[in-house]
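Following: one structure in structure tokens, then a few remarks.
The values are calculated or read from the model by the stated rules, or taken from the named source; none is laboratory data. Everything numeric here is computed off the predicted structure, so don't read it as measured data. Reconstructed Cβ throughout: ideal geometry from the backbone, glycine too, with neighbour counts over all protein chains shown. SASA here: full protein model, heavy atoms, side chains in, ligands and nucleic acids out. Shrake-Rupley method; radii C 1.70, N 1.55, O 1.52, S 1.80 Å.
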Amino acid sequence: MLVDRDGTLIEELHYARDESRVRLRSGVAEALRELRGWGFGLVAISNQSGVGRGILTVDDVMRTHARTAALLAGAGTPLDAAYYCLHAPEDGCECRKPGIGMLLRAAEDMGLELGRCAMIGDKESDLEAGRRAGCVAIAAGSDWVAAVSAGLQVGP
């Protein structure tokens, strides 16, 4: 299962520098625990353009990542991997969603069949990336457990 970070796993913070403000979104831990119980893995896929724009440092992104990973692990839903695009939108890279570079890299690294995976996100760029990669695209506000049902790949 591929999941956007900001606004999907955690509350939207807009260029988070202070990791102490990181909070899991309501209901996320419960939904992920149920999906994990079915054997699904959890891979974060996140645009972090604040680095490319000079607003954030790589250290800022990694501190927020570490806090997110700790909260998820503490809730019994550890991350299996995380992929970040640090480019600004004008850089035109293929890893920035709606590009599919991060999804392809995750698939290669983890042996995933993208057509049997879900991409969950709160923005249209998340959903478009999922669709372009052949994943089931699921809006973060929907019932994840109901949406991620039969036919999707089990395992990280």
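Computed values, structure above
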item	result
Prolate/oblate/rounded label for the chain (Cα gyration tensor, a/c 1.5)	oblate
The chain - percent of accessible surface contributed by carbon and sulfur, probe 1.4 Å	50
Loop sites in the range 2-37: GluC sites (Glu not before Pro), DSSP, at most 15 other Cβ within 10 Å	Glu11, Glu12
Label point at Tyr15 placed 7 Å out along Cα→Cβ; residues across the range 51-69 whose backbone nitrogen lies under 19 Å	51-65
Neighbour count of at most 16 Cβ within 10 Å plus DSSP loop: longest chymotrypsin sites (Phe, Trp or Tyr not before Pro)-free window in the chain	39-156
Theoretical ellipticity at 222 nm over the chain - DSSP helices of four or more residues, -39500 (n - 2.57) apiece, nearest 500	-10000 deg cm²/dmol
Cα gyration tensor category, rounded, prolate or oblate, for the range 35-111 with a/c compared to 1.5	oblate
